[in-house]
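Okay, structure first, notes after.
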Amino acid sequence: MTELTTVNPATDKPIAEYPLMDKETAFEKIESAHAAFLDWREKTHAERAPYLNAIAKALRENVDDLAQLMTQETGKLLRDGKGEVELCAQIFEYTATQGPDLLADEERTHSGGKKRGIVAHCPIGVIYSIQPWNFPVYQPVRVLAANLMAGNAVVLKHAEICTGTGLMLKEICAKAGLPDGLFEVIIIDHDTSDEVIAHDLVRGVTMTGSDGAGRKIGQTAAKHLKKSVLELGSNDAYLVLEDADVELAVKTCVQGRLYNNGQTCVSAKRFVVTDAVYDAFVDAFVAQMKTIRMGDPTSDDTQLGPLSSEEQFATIKEQVEKSVAKGATLLCGGDPDDRTGQYYPATVLADCQPGSPAYDDEIFGPVAAIIKAKDDADAMRIANDSRYGLGGGIFTKDEDKALKLARDHFDTGMVRLNSFGTADPNMPFGGVKDSGFGREHGGFGMKEFVNAKAIYLP
Ligand code: NAD
C-alpha cells in the first residue's frame, strides 16, 4: 500500500487520499522533532505554559472545522465533536496551570539527612504516539499536552481513518505558535512503525487502542528497551445493585452505552444486574434503547450515528451473531437495514454467557450485554470476571457500600458511582490487566515520560 483513502462512514463516499511516508521521510520527522526538543528542553515549565494556553485558545477558535472533519471521518455526532474539542482546550489549560508545580524540582536529603538532594523531572526526548480514531482530537491531545509541558517532543501516528484530523491538529498547533518540529505527524504503515519504535532518537512509546495491537507494539518497544504506556480496550461492567435507583441507572446506562456511537473505551458495555431489580431494569432499558433515533451525525435530533467504518460494522455484526449462537437473547436491535452508511442499531443482548464475545470481549459499538447476578456480591464477582480492567460503574443508594466496592474490590483503573462520564483533566485515566498500563491526566500523565533524576549535593 502506498496511499490511504479516508471515507465518510455516513455516506460511504471517499473524503481524501494521503500518500504513505517511506521510512526515510518518517525518520526525517523524528530528527526534526529531536532538534526541536533540544531547544524546548532549555525552557522552564513556566515558560512552556503560554504555548499550551495559546493552543487551547486556537482549538476553541477552530472548533467548528475540527468537529466537522471528525464527523466526516468517523461518523461522530457533530455535537460530541464540539464537546471533545472543548475538553481538549481544558486539558491544555489544566496542564499549563498545574504542570510547573507538579514537575518542579523536589528537595530531598541524603546521607542520613545530613546533605541536600534534588529530584528533577527531566524530559527525555521524542515520544512516539500511536492513537485510535474514536476521539480523533482528544486522543493525540492528552499525550501532546502532557509531554510538551514535560519538555518532550511528540511524533504522532494517527489511525488511518482520521488522518485529516491529525494533520489539522498539527496545523492549529503551528498557527498557535508551537515551535516547528515539536509536534510532528507521520503517515506510515505498521512495518514502518516498528522501525520508528527502534529509532535511537525515539525515547518512549505511547499507544492507545485495542489489546491485540497493544500487545504487539508493547513487545516491539520492550525489544528495543523503550518505555511504553499502553491505554487499551475494555468491557467495562456497570453494576445495578439491589438498592439501586433503577430509573437513574437506566437513563445513565443508555447514555453510557451509546455515547460516541458506542465507541468509547470507558463506555458502559456489560450491565450486571442483580436479581432483585433485574426485570425492572431490563424492561425500562430495552424500552429506552428502542426509542433511539439513529441517523445523520450532523443533525441535532440524532442520538446515534454510524459506526466508524465498514470494518467496524462487520466486526460488531459478527460479535452479536456469535453471542446469540452462544446463548445470548436478543432483546432489541441486531437487525441493521440496508441503508447507505455503516449504521448499526442500538442493540440489547441478555443472558450473555462466558465464552461469548458479549461476555468476554469488547464490543465497540451500540450493543449492551446484560448479565444477571444473584446478589451484590455475585455482581462484583461477575464484573471482575474479565481480562480487562479499565473502568466500571456502580448504581446503589448506599455510598459507603459503593466506596468499599470501588476501592477494595473493583479490579479496574476507574470506577464511577451513579454516573457516567469519560475523562477529566484532574483525575488519572488508565487501566489494569489487559486494559494496559500507565496513566494519562490528573498529573500522572505528565510524569510518564520524564527522567526522575537524583542529584546529590555535597
Ligand atoms: P487499533 O488497536 O486497531 O488501532 C489503534 C492505533 O494503533 C491505530 O493508529 C493503528 O493504526 C495502530 N496500530 C494497530 N496495530 C499496529 C501495529 N502493529 N503497529 C503500529 N501501529 C498499530 O484500535 P482502534 O480500532 O483504532 O481503536 C479502538 C480501540 O481503542 C478499542 O479497543 C478502544 O477501547 C481502545 N481505546 C482505548 C482507550 C484508553 O484510553 N484505554 C481510549 C480510546 C480507545
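The values are calculated or read from the model by the stated rules, or taken from the named source; none is laboratory data. All figures in this text were calculated on a predicted structure; none of them were measured in a lab. Neighbour counts are summed over all protein chains in view; Cβ atoms, including those assigned to glycine, are modelled from backbone coordinates with ideal geometry.
Identify the residue in region 220-231 that is assigned to a helix (DSSP H, G or I) and not small (Gly, Ala, Ser) and, among all such residues, is farthest from the ligand (Cβ to nearest atom). Only one residue tops the list, namely LYS223.
If the condition is being in contact with a Leu (Cβ under 9 Å, 6 or more places away or on another chain) and either more than 22 Å from SER309 (Cα to Cα) or acidic (Asp, Glu) (or both), then region 161-176 contributes LYS170, ILE172, CYS173, ALA176.
Counting the residues of region 232-266 that are within 30 Å of ASN147 (Cβ to Cβ), in a helix (DSSP H, G or I) and in contact with a Lys or Arg (Cβ under 8 Å, 6 or more places away or on another chain) gives 2. Exactly one residue among PRO428, PRO458 is at pLDDT 95 or above and in contact with an Asp or Glu (Cβ under 9 Å, 6 or more places away or on another chain), and that residue is PRO428. Annotation: of all residues in region 212-231 being charged (D, E, K, R) and in contact with a Lys or Arg (Cβ under 8 Å, 6 or more places away or on another chain), the one that is surrounded by the fewest Cβ atoms within 10 Å (Cβ to Cβ) is LYS227. Here PHE410, PHE395, PHE429 are screened, and the one residue that is of a type outside the set (S, T, N, Q) and within 30 Å of PHE92 (Cα to Cα) is PHE429.
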